[in-house]
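Notes for the one structure printed next.
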Amino acid sequence: MNKLKGYVDPEYLQAMGKFLGSLKERTYSAMQAKTGDKVLDVGCGSGIDTVALSRIVGSTGQVFGVDYDNEMITESEQHAEKEGVSAWVKHKQADASSLPFDTGYFDSCRSERLFQHLLNPALVLNEMTRVTKVGGAVVVLDTDWGTISTDTNEIDIERRLNCF
């Protein structure tokens, strides 16, 4: 199958997950999730975060992950099964701009490194807000490519590289 421009594989997501560990933890904390909560991970990739969230909400809670890529959903389901949390962690193929959940279904939701790939991020943020209960947390972590900097004394070259 031909992959779209920008496609990343599960190995890349694993490596980045380790690199971003402390930031991931901050998103979990910002969600204010607790035992028994229902939480959503939008753009779940290979299920790294859904499994981590399963440890926070426990077996009395529910974790859903959605991703546009069916291969990632398969990978996520296998990861949850391997970690022994598949009874309360589920993954669905879905378009983030039209989430297949009722309004106010989740206690909180999150997304990480997804918005930079979206054509209409405002629509996805609205959907995340729609499916989250009033007063629940919606957490988005993403890259600000506009502030990227390269450690160099050649400022002119750095600025020209950032235009690409």
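Quick rundown of the values:
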item	result
Pair list, Cβ < 6 Å and 6+ apart or interchain, from region 28-45 residues that are farther than 12 Å from V63 by Cβ to residues that are at pLDDT below 95	G43/L114; G45/L13; G45/M72
Residue match in region 22-31 (condition: at pLDDT 95 or above, surrounded by 13 or more Cβ atoms within 10 Å (Cβ to Cβ), small (G, A, S) and more than 20 Å from R113 (Cα to Cα))	no
Condition met for G45 (assigned to a loop (DSSP other than H, G, I, E, B) and at pLDDT below 95)	yes
Lone unmet requirement of (1) surrounded by 17 or more Cβ atoms within 10 Å (Cβ to Cβ); (2) in contact with a strand residue (DSSP E or B) (Cβ under 6 Å, 6 or more places away or on another chain); (3) of a type outside the set (S, T, Y) for I48	(2)
Output for region 79-110, where each listed residue is surrounded by 20 or more Cβ atoms within 10 Å (Cβ to Cβ) and not small (G, A, S)	H79, V85, V89, H91, L99, F106, D107, C109, R110
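The values are calculated or read from the model by the stated rules, or taken from the named source; none is laboratory data. It should be emphasised that the depicted structure is a prediction, and the values quoted were computed from it without experimental measurement. Here Cβ is always computed from backbone atoms with ideal geometry, including for glycine, and neighbour counts include all displayed protein chains.
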